[in-house]
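**Q** Attaching a single structure in C-alpha cells format; questions to follow.
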Amino acid sequence: MIMNNLKKLLEKFGGKKDIHISLGVSPQSDWKIILVSTLALSVLVIIFSAYMFIEIDKGDIFQIEKGEGNEELTIDEELLQSIVSYYSAKATEFERIRGARIPSVDPSL
C-alpha cells in the first residue's frame with residue numbers, strides 16, 4: 001500500500017512509469033528513497049516542533065504552579081557587610097605583600 005503510493009508520488013515528480021522502489025536495485029532509486037524519506041522526516045519534525053512551540057506558548061504544556069516556596073528572598077545586610085569587610089581586608093593584605101620587597105642575599109658573596 002505504502003509502496004504503491006510512493007510509486008505514484010515518484011511518477012508525478014519523475015515522469016517515469018516503470019519505477020522500482022527497493023534498495024539495491026540502482027543507485028538512483030536508492031538516493032530517491034533516501035531523499036524522500038529524509039524530506040518526509042524533516043517535515044514531520046518541523047510540524048511536531050511547531051505544535052510543541054504553540055502549546056508551550058499557550059501554557060497548555062509544562063504548566064508551572066506557584067507554590068509556597070516562591071517567596072521573595074531578602075539579603076542579610078550584616079552578613080553582606082561581614083563578607084565585604086573580609087574581602088577588603090584580603091585585598092589590603094594582598095597589596096601589602098605585593099608592594100613589599102623580599103630581601104635576597106647575593107649568592108656570589
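**Q** Report the full-extension gain for the segment ILE33 to GLN81: residue separation times 0.36 nm, less the Cα-Cα distance, to one decimal in nm. It would help to have the intermediate numbers written out before the result.
**A** Numbers: separation 48, 0.36 × 48 = 17.28 nm, distance 6.93 nm.
Contour length minus Cα-Cα distance gives 10.4 nm.
**Q** Mind running the shape call on the stretch 38-109? Use the C-alpha gyration tensor, a ≥ b ≥ c as the square roots of the eigenvalues: rounded below 1.5 for a/c, prolate if a/b tops b/c, oblate otherwise. Don't jump to the answer; show the numbers that get you there.
**A** On the way: a/c = 9.08, a/b = 2.11, b/c = 4.31.
Since a/c reaches 1.5 but b/c is at least a/b, the shape of the stretch 38-109 is classed as oblate.
Here, each number is a calculation from the coordinates, and none is a lab measurement. These figures come from a predicted structure and were not determined experimentally.
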